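K.L.:
Starting off with a structure, shown below.
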Ligand code: DGP
C-alpha cells in the first residue's frame, strides 16, 4: 500500500480526569461516522500480563520501584505497537488514549532523570498529532472517582502538569504537532477543536520515530 493511504496516528494526553477518554470516544465515533476506518487504543492496556501488573501497581495492591514500573509502562506500549503499525499501514487511523508522553511526565514527577525516562520509548512511531487536554489539577480533583488510584493527588498532578509544559516545548522544537487545549470548557467545544486539528493532518509522509 502506498504511503498516501496510511492512517494517521493521533494521541490524546492529559492529566487524570481531564476528559481524555470521553474525547477519544467522541473522536472515534465522529471519524467512523465519516466512513473512516479507525481504532482506539488505551494505554496502559490493563488486559495483558504486563498490563495486569501495572493495574495492581496503580490500585496500590502491589509495590514496584519507580524504575521498574516505568519500564513496564513502556513495555506495555511496545507489546501493542506492531498491531498499531500494521493498522496504520493498512489505512486505519489509530487514536491512542495516552502514550509515551505520559511515561515521561509521570515518572519524571517522581524524580527520575528526564532523558532516562525518554529512552525506553525511543523508536516507537512518532504521532502525527498530540493533543494535551489541560485542566487545572484543582479542577480535575473535583471530578468523579478522583483519588482512587496512585497518582490521583493534586501535588503529583501539578508536577505532571509542569512536565507536560516542558514536553510540549521540547517536542514542538523538534517540529511535532503537540497542541494544548483548554479542557475546562464544554465537551462539545473541546471535541470540535480536536476535529479541526485532526482534519489538518497530512498523511503524505511516512511516520518518523520518537
Ligand atoms: P489511565 O488509565 O488513563 O487513568 O492511566 C493510568 C495512570 O497511570 C494515570 O495516573 C497515568 C499513569 N500513567 C500512564 N502512563 C504512564 C507511564 O507510561 N508511566 C507512568 N509512570 N505513569 C503512567
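K.L.:
In degrees between 0 and 90, to the nearest 10, how far off the longest principal axis of the chain does helix 66-89 point, with axes built from Cα atoms?
P.N.:
Taking Cα atoms only, the helix is inclined about 10 degrees.
K.L.:
Give me the orientation-averaged projected area of the Cα convex hull of region 39-129, in nm², one decimal.
P.N.:
Its average projected convex-hull area is 5.9 nm².
K.L.:
If you don't mind, there's one more thing I want to ask. So what are the radius of gyration and Dmax for the Cα set of region 86-125, in Å?
P.N.:
When restricted to the Cα atoms of region 86-125, Rg and Dmax are 13.1, 40 Å.
K.L.:
So what's the back-of-envelope 222 nm ellipticity for the chain, counting only DSSP H runs of four-plus at -39500 (n - 2.57) apiece and dividing by all residues, rounded to 500?
P.N.:
Mean residue ellipticity at 222 nm (helix-derived): -15000 deg cm²/dmol.
K.L.:
If you don't mind, another one. Would you kindly state how much longer the chain becomes between residue 112 and residue 92 on full extension, computed as 0.36 nm times their sequence separation minus their alpha carbon distance, in nm to one decimal?
P.N.:
3.7 nm
K.L.:
Binning every alpha carbon pair distance of the chain at 10 Å from zero, what are the percents per bin?
P.N.:
8, 35, 39, 16, 2
K.L.:
What is the gain in length, in nm to one decimal, between residue 119 and residue 46 on full extension, counting 0.36 nm per residue of separation less the C-alpha to C-alpha distance?
P.N.:
24.0 nm
K.L.:
Which angle between 0 and 90 degrees, to the nearest 10, do you get for helix 154-173 versus the longest principal axis of the chain when only C-alpha atoms count?
P.N.:
Here the helix axis deviates by roughly 40 degrees.
K.L.:
Where the eigenvalues come from the Cα gyration tensor of region 1-95, what are the semi-axes √(5λ) of the equivalent ellipsoid, largest first, in whole Å?
P.N.:
They are 29, 17, 10 Å, listed largest first.
K.L.:
A further question follows. Enter the angle in degrees (range 0 to 90, nearest 10) between the Cα long axis of helix 49-58 and the first principal axis of the Cα atoms of the chain, meaning the one along which they spread out most.
P.N.:
Approximately 50 degrees, to the nearest 10.
K.L.:
Taking every pair of alpha-carbon atoms in region 87-182, give the share separated by more than 20 Å as a whole percent.
P.N.:
42
K.L.:
Same structure, new question: Just order 130-138, 13-21 by mean Cβ neighbour count inside 10 Å, highest at the front, would you?
P.N.:
Ranked by mean Cβ neighbours within 10 Å, highest first: 13-21, 130-138.
K.L.:
Note the full-extension length gain between residue 209 and residue 59 as 0.36 nm times their separation in residues minus their Cα-Cα distance, in nm to one decimal.
P.N.:
So the chain would gain 50.8 nm between residue 209 and residue 59.
K.L.:
Report the relative contact order of the chain, percent, no decimals, based on alpha-carbon pairs under 8 angstrom and at least 6 residues apart.
P.N.:
34
Just so you know, all these numbers are worked out from the coordinates, no wet-lab data involved. Every value quoted in this text rests on a predicted model; they were computed, and no experiment measured them. Ideal geometry is used to build each Cβ from the backbone, glycine not excepted, and the neighbour counts take in all protein chains shown.
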